[in-house]
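Trainee: Next up is a structure, given as structure tokens.
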Amino acid sequence: MRVCILIMVLSVFVSCGQKKKYHDAKPDVKSITTSDKLADILLFQQELNAEFKDPETSPLADRFRINFETLDFYAPDTSYVIEAEFVRTPEALPFSMPTTTDRESTEVLYGIAKFTLNGKQQQLEIYQTPELITQEKYKDYLFLPFTDATNGEETYGGGRYLDLRIPKGNTIVLDFNKAYNPYCAYNKKFSCPLVPAVNNVDAEIRVGVKAFEH
């Protein structure tokens, strides 16, 4: 998750969605113990805070970064580390995903995650970025933007993102504790993909990063 490589768009807007997408995903957690899952979540939080403190990688304007200590996280909850059914969509074609600016992000629907949360069946589309996968390090990178019932209240109104890697089998681990805000939630100079309407979770996802208070 570390450094987000940014591209200037029209010499004004910065894209969170090119080169390296948003943040690296952590290793697959489906087979590790609860204590290891918790440690992994805490490491995610520590590294994200370090990125926001670093002037080379922080999306924060200097006036906010100087006194920055930590993002506001929900308490970790390993019940939100979910092993979902993963249905690949190999026939999908690239499409243009709108962003917070005039720029459009080219994405491909790579697969659909199906899972149960709080007794309700859910499914979310997972995308792959053609430009990104040309880089060896990110050839297996997947992108999951989503909204849920906390948006506009406890979390950023535009939704949050998850970074994933292509799994080997027909399941994929969604750790919502690692849900983070797009950079445009912190600074309007960034251009970030808008969450498709189909990717709304009919539940409260009360883990991950909360809304940012300037």
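Trainee: Looking only at segment 33-60, how many residues end up being touching a residue at least 12 places away in the same chain (Cβ under 8 Å), in contact with a helix residue (DSSP H, G or I) (Cβ under 8 Å, 6 or more places away or on another chain) and part of a loop (DSSP other than H, G, I, E, B)?
Mentor: Count: 3.
Trainee: If I ask for residues that are open to solvent by 80 Å² or more (accessible area, probe 1.4 Å), farther than 30 Å from Thr34 by Cβ and not in a loop (DSSP other than H, G, I, E, B), which ones from segment 78-111 would you list?
Mentor: Passing the criteria: only Glu104.
Trainee: Would you confirm, using the coordinates I've provided, whether Phe190 is farther than 19 Å from Pro76 by Cβ, over 13 Å from the mean Cα position of the chain (by Cα), open to solvent by less than 50 Å² (accessible area, probe 1.4 Å) and among the aromatic types (Phe, Trp, Tyr)?
Mentor: For Phe190, the condition - farther than 19 Å from Pro76 by Cβ, over 13 Å from the mean Cα position of the chain (by Cα), open to solvent by less than 50 Å² (accessible area, probe 1.4 Å) and among the aromatic types (Phe, Trp, Tyr) - is met.
Trainee: Working only within segment 118-145, note down all residues that are closer than 19 Å to Thr78 by Cβ, free of Cβ contacts under 8 Å to residues at least 60 places away in the same chain and open to solvent by less than 30 Å² (accessible area, probe 1.4 Å).
Mentor: Leu144
Trainee: What number of residues within segment 171-204 satisfy the criterion of being more than 20 Å from Thr129 (Cα to Cα), in contact with a Leu (Cβ under 8 Å, 6 or more places away or on another chain) and β-branched (Val, Ile, Thr)?
Mentor: 1
Trainee: Further question on the same structure: If you go through segment 158-187, how many residues are of a type in the set (D, E, K, R) and under 20 Å from Tyr74 (Cα atoms)?
Mentor: 4
Trainee: Would you pick out the residues in segment 146-163 that are over 13 Å from the mean Cα position of the chain (by Cα) and surrounded by 14 or more Cβ atoms within 10 Å (Cβ to Cβ)?
Mentor: Asp148, Ala149, Thr150, Asn151, Glu154, Thr155 - these are the residues of segment 146-163 that are over 13 Å from the mean Cα position of the chain (by Cα) and surrounded by 14 or more Cβ atoms within 10 Å (Cβ to Cβ).
Trainee: Can I ask one more? Scanning segment 179-196 for residues that are touching a Gly at 6+ places or on another chain (Cβ under 7 Å) and part of a strand (DSSP E or B), which turns out nearest to Pro98 (Cα to Cα)?
Mentor: Pro193
The values are calculated or read from the model by the stated rules, or taken from the named source; none is laboratory data. Please read all numbers here as calculations on a predicted model, not as lab measurements. With ideal geometry, Cβ positions are generated from the backbone for all residues, glycine too; neighbour counts draw on all protein chains shown. Calculation scope for accessible area: heavy atoms of the full protein, side chains included, ligands and nucleic acids excluded. Shrake-Rupley method; radii C 1.70, N 1.55, O 1.52, S 1.80 Å.
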